[in-house]
Every structure is written in C-alpha cells, then in structure tokens.
Amino acid sequence: MFTPEERDQLRAELVAAARADPRIQGAALTGSAATGLQDRWSDIDLLFGLHPGSDLPSVLADWTARMYQHGAVHHLDVPFGGTVYRVFLLQGGLQVDLGFAPEGEFGARAPSFHLLFGTAGELPKVSPPPAEYLIGMAWLHAVHARACIGRGKLWQGEYMVSGLRDQVLSLACLRYGLPALQGRGMDRLPAEVTQPLQSALVQRLEAEELRRALRVAVDALLIEIQFVDEALAARLHEVLTGLAR
C-alpha cells in the first residue's frame, strides 16, 4: 500500500515535469487536495493545460510512458469534451488521474481546482444532476427490479434494487446541498435519511428478500419525491407501491 509521503513525492515530481514540458502551459490540483480534504486514502489528481498547437496524442503517449516508469500497471481514459483524463493504477494501489486539456478547456469546472502555474480560463461549472432526472432513473430501476425478480434473475434484481437506493440517496444529497455524483455526499447525510435505507440493503439473494428491500427503497423514494414535487409524488404513488408488492 502506498504511503502519503510516496504519493506527495510523486505528485511533486509530476508537477515539476509539467513545468519542464514546453507543451504544457498550466497545471492545477483537482480533487481532494485542491479543497483541503486530502487524507491517507486520497489519490493524485492533476489537470494540465496544453499550449495551442500541442499534439494531444503525443503528449498522452509521452506522459503514459512516464507513468509506467513510475510503476503503473494499467490505465484507462475518461474523456470530457476535448479533455482526456488518463487514469493510472500504480503498484501499491495508488490511483493517478492526469487530465490533459486543449486550449480553451483549462480552468475550474468545480470548486476542486487549485491553480499551480499558468493561466486558467473561465469555464461553465459542471451542474449536479437535476432532481427530475434522478427521479426518472429511480423509478426506472424500480420497474426493472420488479421484472428481474419476476423472471428469477436475482443477481440483476439486486443490482436494480441497489441502483434505486443509490438514486434515492442522490436525491437526498441534492436536498441537503451535498455532492450528488458518485456517492460523494452520501456519508454526510443525516442519520434520519440513511438509517431507514439500511433496510433497503439486500441481505439474501432470494426473491422475497429482494421484494422486501424494494418496498423499503420505494417508500424512501416517495418521501424524497415529495420534497421535490408533491403532485408528482401523488401521481407516482400507486404505480410505485404496486411495483413493490
């Protein structure tokens, strides 16, 4: 397992390498280190802004070779617009996310952005998912959960019940002004929200147990919908409770 000292040393080396790379005009910390929330388990998150005319594929190739020299064992790409986030897994379990942003895409899209050098542009912030979308995804998971249970597809049914529960928690995060993506705000929700949903955890891979967990999750979903739109909650009440029978 990597140590915080090893992580911090590697990050410093990567920032120094970025300063020395003529194709990179700016760098920023992103993630937990940018907001003062870094802990023992935090990974490395860096965003690099490329000079105009820099060839992104060649930059990616060179930095990928660099990361494998640092002990990377695999990587994957997560594109966002023209920016490519190349995510590396290193020996010792350290994750290193390196973003490479073309001209016009280097800047803060969230509060987790701390400029290290260069100039950042003004970019539109990434908005949380709207409540209406989460509600739709929640009832969609409920419909599929009911069908999977009926078909005897219990593993898929468990997946759908869990997905429904996660959408409910995301709705609660929106309500409390917490991050609603990737479960980042869930552990900061009050116990009055999270404790009832513990019963929506599937304990055994059996049809009746899945139905029980589905009923709990549906009840919690209807409560969250009421905070968003009472009329919508009333319209959905009968069909959602019917799915959970």
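The values are calculated or read from the model by the stated rules, or taken from the named source; none is laboratory data. Computed from a prediction, not measured in an experiment: that's the story for all the values here. Every residue, glycine as well, gets a Cβ built from its backbone with ideal geometry; the counts of neighbours run over all protein chains shown.
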Test: residue in segment 97-104 that is farther than 29 Å from SER42 by Cβ, outside any helix (DSSP H, G or I) and modelled with pLDDT of 95 or more: no
Candidates ARG66, ARG11, ARG19 - the one that is at pLDDT 95 or above, part of a helix (DSSP H, G or I) and within 20 Å of GLY121 (Cα to Cα): ARG19
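Only one residue in LEU164, LEU154 is touching a residue at least 24 places away in the same chain (Cβ under 8 Å), touching a His at 6+ places or on another chain (Cβ under 6 Å) and outside the structural domain of ALA108 (by TED's automatic domain parsing), so which one is that? Full working, then the answer.
On the way: LEU154 fails: touching a His at 6+ places or on another chain (Cβ under 6 Å).
Residue meeting the stated conditions: LEU164.
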For GLY136: the one exception among (1) in the same structural domain as LEU214 (by TED's automatic domain parsing); (2) more than 21 Å from the chain's Cα centre (by Cα): (2)
Of the criteria (1) on the phi > 0 side of the Ramachandran plot; (2) in contact with a Gly (Cβ under 9 Å, 6 or more places away or on another chain), which one GLY81 fails: (2)
